[in-house]
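Undergrad: Got a structure for you, questions after.
The values are calculated or read from the model by the stated rules, or taken from the named source; none is laboratory data. These numbers were taken from a predicted model, which means no experiment stands behind them. Please note: Cβ atoms are built from the backbone with ideal geometry, for glycine as well, and neighbour counts cover all protein chains shown. Only protein heavy atoms, including side chains, enter the accessible area calculation; ligands, DNA and RNA are left aside. Shrake-Rupley method; radii C 1.70, N 1.55, O 1.52, S 1.80 Å.
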Amino acid sequence: MKNFDYVKPASIAEAVAAAAQPGAVYLAAGTNLLDLMKGGVARPSRLVDVTRLPGLDRIEHLPDGGLRIGALVRNADLAHDAGFAKSYPAVAEALLSGASAQLRNAATVGGNLLQRTRCGYFYDTASACNKREPGTGCDARGGENRLHAVLGWSESCIATHPSDFCVPLVALDAVVEIEGRGGRREMALEALHRLPGDTPERDSVLEPGDLIVALLLPGDAAGFAAHARYIKVRERTSFAFAVVSAAAGLRIEQGIIRDARLALGGVAAKPWRARAAEQILAGASPGADAFRRAAQAALADAKPSGDNQFKIELAQRILVRALTLAAAGTPQRVPALPASAFSSFAGALIDA
Ligand code: SF4
């Protein structure tokens, strides 16, 4: 492993200044970063440890009924926060479907947003990878690529974003609060992650020194709580990243869908908001016909990047499944195998 400096700032301002230097990265729980460093995939010259920064581990209620979630709140603590799960059950379901219990106990909200792709070639330093080493090529194009992107990919990179958490967050118009060299600013989470284009080495629009300090969930997003689900297909139910996932939230009044929120995971380099599908659902009666039309619209621009044609049909089916379950009503308890398309409701984990 390459030698690096380790600094532990006492304030956010100190952290931003320390991380603005070339080669510096932030360290929180390190559940992704330390693996990348041990494998030689990431070679930072400075780690800026933010774990002791004050005030970033709180969940606060906002005047509009929403929540402000500090970037250092642990994934497990957030998922089991009763107020959060009640207002945003699909986000809780997504959190509990990610990683393992041990990892969720350590991993932070901010780190979850910024975790890197799980493309196998990215982690193998003997492989060509434009994301790890710009200009070297992409071995995934002619290799094992059945889990890669079907939307928004480029010739430079066909990797997907791995987070479950981000999928319902994007559907619900979550916002990130960022402290940078120019002060504090807010940005829609949907705008944080980038599609690869010709610069796949940049996962997000963050600039050097930018620190995500909080995640904001708007109060009106809780209006979808009665009909909200996150459904995930994974190759190993116990612990695996999504092959495809879908978050669905519906506002149903007098038997009509008044508003819909949809997003897909495992299909692109960013959580994929399905706005065309949302428009089809607004004003429709909840049912198989409308759900199928919405799913087709959501994947209308999809094209395989390799041996993954099957994902396009699978994503449509998972979207229909998520919408069907959401329309039936959010369960009182999160299933025993959260977000699995095959789960029962035995062995509840949290009150929704
Ligand atoms: Fe690298 Fe992207 Fe190609 Fe994977 S898909 S090898 S991350 S360039």
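Undergrad: Tell me the carbon and sulfur percent of the accessible area for region 142-284, rounded to whole percent, probe radius 1.4 Å.
TA: The value for region 142-284 is 49 percent carbon and sulfur by accessible area.
Undergrad: Could I ask something else about it? What is the sum of charges, Lys and Arg at +1 and Asp and Glu at -1, for the other residues whose Cβ falls under 15 Å from the Cβ of Cys129?
TA: Computed value for this residue: -1.
Undergrad: 222 nm [θ] for the chain, helices only, -39500 (n - 2.57) per DSSP H run of 4+, per residue, to 500?
TA: -7000 deg cm²/dmol
Undergrad: Just reorder Arg146, Arg229 by solvent-accessible area, largest first, 1.4 Å probe, all chains present.
TA: Putting Arg146, Arg229 in descending order of accessible area: Arg146, Arg229.
Undergrad: Of all the Cα-Cα pairs you can form in the chain, what percent are over 36 Å apart?
TA: The proportion of pairs with Cα distances above 36 Å equals 17 percent.
Undergrad: Please list 202-213, 269-280 highest first by mean number of surrounding beta-carbon atoms within 10 Å per residue.
TA: 269-280, 202-213
Undergrad: Of the beta bridges DSSP finds with both residues in the chain, what % are antiparallel, to the nearest 5?
TA: 85
Undergrad: How many angstrom lie between the Cα centre of region 238-287 and the Cα centre of region 1-73?
TA: 32
Undergrad: Please turn the phi angles of region 141-156 into ³J(HN,Hα) values with the Karplus equation 6.51 cos²θ - 1.76 cosθ + 1.60 (θ = phi - 60°), one per residue in order, whole Hz, x for glycine and proline.
TA: Taking θ as phi minus 60°, the curve returns 4, x, x, 7, 9, 5, 9, 8, 6, 10, 9, x, 7, 10, 5, 6 Hz for region 141-156.
Undergrad: While we're on this one: Could you sort 57-65, 45-53 so that the peptide with the highest average Cβ count within 10 Å comes first and the rest follow in order?
TA: Put in order of decreasing packing, that is 45-53, 57-65.
Undergrad: Under a point spin-label approximation (7 Å from Cα along Cα-to-Cβ), what is the Ala191-Gln332 distance to one decimal in nm?
TA: Output for this residue pair reads 4.2 nm.
Undergrad: In nm, what is the difference between 0.36 nm times the number of residues separating Lys303 and Asp124 and their Cα-Cα distance?
TA: Separation in residues times 0.36 nm, less the Cα-Cα distance, equals 61.8 nm.
Undergrad: Can you give me the accessible area per residue for region 1-160, using a 1.4 Å probe, in Å²?
TA: 44
Undergrad: Right, another one. Under the rule a/c < 1.5 gives rounded, and otherwise a/b versus b/c splits prolate from oblate, where does region 223-328 land using the Cα gyration tensor?
TA: prolate
Undergrad: OK, next. How far, in nm, would the chain grow between Arg146 and Glu253 when pulled straight, counting 0.36 nm per residue and subtracting the alpha carbon separation?
TA: 34.5 nm
Undergrad: Any idea what angle helix 310-328 forms with the longest principal axis of the chain, computed on alpha-carbon atoms, 0 to 90 degrees, nearest 10?
TA: That helix lies at roughly 60 degrees to the long axis.
Undergrad: Another question, then. Per residue of region 165-172, what does 6.51 cos²θ - 1.76 cosθ + 1.60 with θ = phi - 60° give for ³J(HN,Hα)? Whole Hz please, x for Gly and Pro, Karplus curve as stated.
TA: 3, 5, 5, x, 4, 5, 4, 9
Undergrad: Less than 11 Å Cβ to Cβ from Phe4, Lys/Arg counted +1 and Asp/Glu -1: what total charge do the surrounding residues give?
TA: +2
Undergrad: Could you do me a favour and compute the accessible area per residue for region 223-328, 1.4 Å probe, result in Å²?
TA: Counting only protein heavy atoms, the per-residue value for region 223-328 is 41 Å².
Undergrad: Where does helix 288-298 land angle-wise versus the long Cα axis of the chain, in degrees 0 to 90, nearest 10?
TA: In the chain, helix 288-298 runs at an angle near 30 degrees to the longest axis.
Undergrad: Then there is this: Across the chain, how many lysine pairs separated by 8 or more positions, or lying on different chains, have Cα atoms within less than 18 Å?
TA: 8
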